[in-house]
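One structure is given below, encoded as structure tokens.
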Amino acid sequence: MKLNVNLGEKSYEIFIERGVLRRAADLIAEVFHGKKIMIISDDRVYGYYGEVLKEQLQTKWECYEAVVPHGEASKSMAILPEIYGKLLQAKLSRSDLIVALGGGVVGDMAGFAAATYLRGIPFIQIPTSLLAQVDSSVGGKVAVDLKEGKNLVGAFYQPKLVLIDPDVLSTLPKRYINDGMGEVIKYGCIKDRGLFDILKKARSFEGLGEELTGVIARCVDIKRQIVEEDQYDTGERMLLNFGHTLGHAVEQKFAYERESHGEAVAVGMYQITKISEKKGMTEEGTAEELRKVLESYDLPISAGVKMKELKAAMMLDKKNLNDRLRIILIKKMGESFIFPTDVAFFEDDITV
Ligand SMILES: NC(=O)c1ccc[n+]([C@@H]2O[C@H](COP(=O)([O-])OP(=O)(O)OC[C@H]3O[C@@H](n4cnc5c(N)ncnc54)[C@H](O)[C@@H]3O)[C@@H](O)[C@H]2O)c1
Ligand SMILES: O=C(O)C(=O)C[C@@H](O)[C@H](O)[C@H](O)COP(=O)(O)O
Ligand SMILES: [Zn+2]
């Protein structure tokens with residue numbers, strides 16, 4: 001299946017197809033006419049898919065690789081000098097290409113390197129984790145973390161092409177399958193009651209069976225529509241941040257080493273929904289329905305932290321304006337809205 005993200009001159013295609021990785025060189029050749037490619041990946045992903053991809057790309061282009069250690073720590077300022085160094089060493093110019101092969105960490109960091117090296121060189125996303133396939137590879141949010149907060153240095157920089165091959169998920173560790181399901185459940189919550197019902201019925205990733213490719217495509221299509229409407233995150237796109245104000249603060253609280261992104265978002269989605277339901281802003285029973293689905297996908301609903309310990313990081317959220325928070329709430333399952341408020345909305349002694 002092929003989707004087109006319509007963003008004027010920044011438009012691009014997304015292929016969602018089992019085995020598409022084997023066609024990468026031909027598909028890349030349709031959008032890239034330069035000489036050199038730098039594959040940016042992490043050690044785990046490169047070990048599985050790096051050489052296979054490089055062999056294929058080498059038939060058409062001069063290829064190099066920059067392989068970083070796996071894990072969120074590679075999405076930091078500290079890794080960038082090494083990446084820029086490799087790009088310089090290989091003498092990549094603005095007519096060359098970066099290929100991000102990996103999960104959200106690689107995609108966000110490599111995308112940021114692409115956006116900033118020589119003030120921007122083209123890049124392509126080949127997402128290999130479920131989370132990256134349903135979310136991070138699409139839409140052009142690229143960034144690195146600071147110790148104070150998630151994604152605090154970044155850009156909006158769209159890829160030239162996205163190649164999503166669900167077959168590569170066969171090697172993805174279970175924890176990261178669950179992680180990706182956190183964002184899949186998010187799409188159901190904010191926009192698509194029907195999707196939420198499919199997930200509820202399946203009860204586990206394995207339960208999705210043959211429906212997996214369709215579920216990935218459904219998520220990507222929701223994101224495509226939202227990004228087309230609000231590329232720069234000034235309105236509608238903020239809905240994709242459901243669960244993230246709390247979730248990012250939880251990740252930051254433990255130096256990005258304890259909860260993975262999808263786990264933290266799961267905690268954030270459940271906790272914010274519990275709070276908004278209590279305040280009468282969300283249909284009764286929604287938090288409980290969400291809890292059951294999150295738990296069936298082995299996702300956490302609490303991080304055991306007091307709200308007051310999260311507030312400093314929440315105040316750095318990029319949705320905030322003039323010290324006012326904007327949080328995403330669900331009215332009922334499948335329908336979400338932006339709620340402007342201040343930090344006092346969150347009582348200090350709530351356990352998140
Ligand atoms: N830009 C966006 O719109 C956006 C959206 C959602 C999340 N994110 C970011 O994405 C990051 C999380 O991404 P992630 O969950 O993919 O984490 P990740 O990139 O760390 O990948 C998870 C782990 O799985 C391994 N892996 C990936 N694909 C594999 C495969 N096919 N086989 C075997 N191992 C594989 C990786 O080496 C890593 O150890 C966070 O930093 C989050 O903030 C960004
Ligand atoms: O694409 C978006 O927009 C999102 O918010 C998707 C989120 O899942 C993702 O985690 C994103 O990186 C968060 O962005 P941020 O602006 O809150 O850092
Ligand atoms: Zn996210």
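Geometric descriptor of the chain, per residue, is 117 Å³ (volume of the convex hull of the Cα atoms).
Stretched out fully, how many nm does the piece from LEU146 to SER11 gain, at 0.36 nm a residue minus the Cα gap? Here the answer is 45.6 nm.
Could you estimate the translational diffusion coefficient of region 1-52 from the Stokes-Einstein equation, with Rh from the Kirkwood formula over C-alpha pairs, at 4 °C and 1.567 mPa s, in whole µm²/s? Value of D from the Cα-based Kirkwood radius: 99 µm²/s. Each Lys or Arg adds one and each Asp or Glu takes one away; over the other residues whose Cβ falls under 15 Å from the Cβ of GLN89, this sums to -1. Residues ASP221, ASP179 in ascending order of nearby Cβ atoms (within 10 Å, fewest first): ASP221, ASP179.
Per-residue extension of 0.36 nm, minus the Cα-Cα distance of PHE337 and GLU309, leaves a gain of 7.5 nm for this segment. Fully extending the segment from GLU257 to GLU236, taken as 0.36 nm per residue of separation minus the present Cα-Cα distance, adds 4.5 nm. Loop sites here are GluC sites (Glu not before Pro) outside DSSP states H, G, I, E and B with no more than 16 other Cβ atoms within 10 Å. The longest part of the chain free of them is 31-147. Relative to the Cα centre, the charge distribution of the chain, modelled as +1 at Lys and Arg Cβ and -1 at Asp and Glu Cβ, gives a dipole magnitude of about 440 debye. In a shell of Cβ-Cβ distance under 12 Å around TYR187, excluding TYR187 itself, what net charge do Lys and Arg (+1) and Asp and Glu (-1) give? Summing Lys and Arg as +1 and Asp and Glu as -1 gives +2. Legend: distances between Cα atoms for LYS223/LYS306; LYS60/LYS150; LYS174/LYS292; LYS150/LYS201; pairs beyond 28 Å are LYS223/LYS306; LYS60/LYS150; LYS150/LYS201. For PRO159, the shell of other residues with beta-carbons less than 12 Å away shows a net charge of +1, using +1 for Lys and Arg and -1 for Asp and Glu. Spin-label pair THR59-ARG18: with each label point 7 Å from Cα along the Cα-Cβ axis, the two points sit 2.3 nm from one another. Computed on the Cα trace of region 2-170, the radius of gyration divided by the Kirkwood hydrodynamic radius gives Rg/Rh = 0.92.
Can you sort TYR12, TYR84, TYR187, TYR232 by how many other beta carbons sit within 10 Å, fewest first?
Details: TYR12 19, TYR84 15, TYR187 26, TYR232 10.
By the 10 Å Cβ count, ascending, the order reads TYR232, TYR84, TYR12, TYR187.
Amide H contacts for GLU283 (H built 1.01 Å from N in the peptide plane; partners 5 or more residues away or on another chain; cut-off under 5 Å): LYS332. Within region 165-215, the trypsin sites (Lys or Arg not before Pro) that combine a DSSP coil assignment with at most 14 other C-beta atoms in a 10 angstrom radius are ARG203. Label-to-label distance for GLU210 and LYS2 is 2.5 nm, based on points extended 7 Å past Cα in the beta-carbon direction. Here's the picture: a label point sits 7 Å out from the Cα of SER170 along the beta-carbon direction, and within region 189-228 the residues with their amide nitrogen under 17 Å of it are 206, 209-213. Where both bridge residues fall in the chain, DSSP classifies roughly 45% of the beta bridges as antiparallel.
Only the coordinates and a few stated rules stand behind these numbers; no lab work does. Please read all numbers here as calculations on a predicted model, not as lab measurements. Cβ atoms come from the backbone with ideal geometry, glycine included; neighbour counts cover every protein chain shown.
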